[in-house]
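Taking it in order: structure first as structure tokens, then the write-up.
We did not get these values from a lab; they are worked out from the coordinates using the rules stated. The model shown is predicted, which means the values in this text are computed figures rather than measured ones. Every residue, glycine among them, receives a Cβ derived from its backbone with ideal geometry; neighbour counts consider all protein chains shown.
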Amino acid sequence: MTRKRIAALMLIPLSLFVAAIGCEKLGDAPTIADPASETPAPRSVFTVKVQTKTIERTSTQPATVHGFHEAHSYAKASGYVAQLKVDIGSKVSAGDILAVIDIPETVAKYQREQAVLKRLAASVTQAAAQVTVAKAMLVAADSTRQQALANEQKADAQLKADEAEHNRVSDLVEQRAVADRLLDEATNRRDASHAAKTAATATTAAAAAYVDVAKAKQVAAEADLEAALADVEVGQRQLEEIEVLMSYGQLRSPFDGVVIERHVELGDLVRNSQNTVATKPLFIIAQVDTVRIRVAI
């Protein structure tokens, strides 16, 4: 079939379509209903008061319950578990003993330090006695010095009197009023008083030196006492340190709660846990008065 024949066939339906449209325009128009002539159906209307309300949105999700606080109890001292005071599910209060660890070497060291402290206390008593003796010696030395000063003053007064007598007798002898032997006696008495004065002065100096020695001994005794007291204080601090180490043998609960895990048995050897990540805790205590709820969202 040629291209001209195909074009003719395509025009036939188009002419038929135009004729159909023309017939519709020349015919009668369709009837349209009047909207004003129809009666509308009655409708019910409800009125409400405006209110403000909170829309509650709820959702159910899986969750886990945990203690508000969980404490992992590790051993601070190395030793064997001698007593187990609690088990899983036990209710504990703050300070309750969970377990007791036997540490005999620390106990022996504590007893040795007690003996050392007792010896140091005896040294303090001895040093205090030496201080008392030194004070008494100082009092005695001071008394001796006072007596020596009095004797020196007495000798000085006697010397002055004998010198005055010697001068008086010497004048009388020059005037030929008395015999020469009286001058000799006065001279002897003056010389004796002078010697006594010299001896009294030396005694006073010796007494003063004795006082200085007594003071030095008192200072030394007081220093020894202070040193002994310091040694006692050091011993007490060392004893307190050992007591703290011994207290590590008692594992105590940090707060009120429930034992939820126990990883130790009676007689087990426990060690000072420096690496708490690699070792399991001996006990886990959970505080359940208030709990934490964890939900995956």
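Some notes on this structure:
- Radius 11 Å from Cβ of LYS280, net charge of other residues (Lys, Arg +1; Asp, Glu -1): 0
- The simple spin-label model puts a point 7 Å past each Cα toward its Cβ; for GLN175 and ALA161 those points are separated by 2.3 nm.
- For segment 204-297, GluC sites (Glu not before Pro) meeting the loop criterion (DSSP other than H, G, I, E, B) and having at most 15 other Cβ atoms within 10 Å: GLU265.
- In this simple spin-label approximation, ILE293 and LYS215 carry label points 7 Å from Cα along the Cα→Cβ vector, and these lie 8.5 nm apart.
- Neighbourhood net charge (14 Å Cβ-Cβ; Lys/Arg +1, Asp/Glu -1) for VAL116: 0
- VAL234-ASP87 FRET efficiency (beta carbon distance; Förster radius 45 Å; 0.05 resolution): 0.55
- Qualifying trypsin sites (Lys or Arg not before Pro) in segment 169-212, where qualification requires a DSSP coil assignment and no more than 12 other C-beta atoms within 10 Å, comprise ARG176.
- Rg/Rg_globular for segment 232-291, with Rg_globular taken as 2.2 N^0.38 Å and Rg from C-alpha atoms: 1.52
- Between segment 75-126 and segment 216-251, the alpha-carbon center distance in angstrom: 20 Å
- Spin-label zone in segment 218-234 - amide nitrogen under 12 Å from a point set 7 Å from the Cα of GLU241 along the C-beta vector: 234
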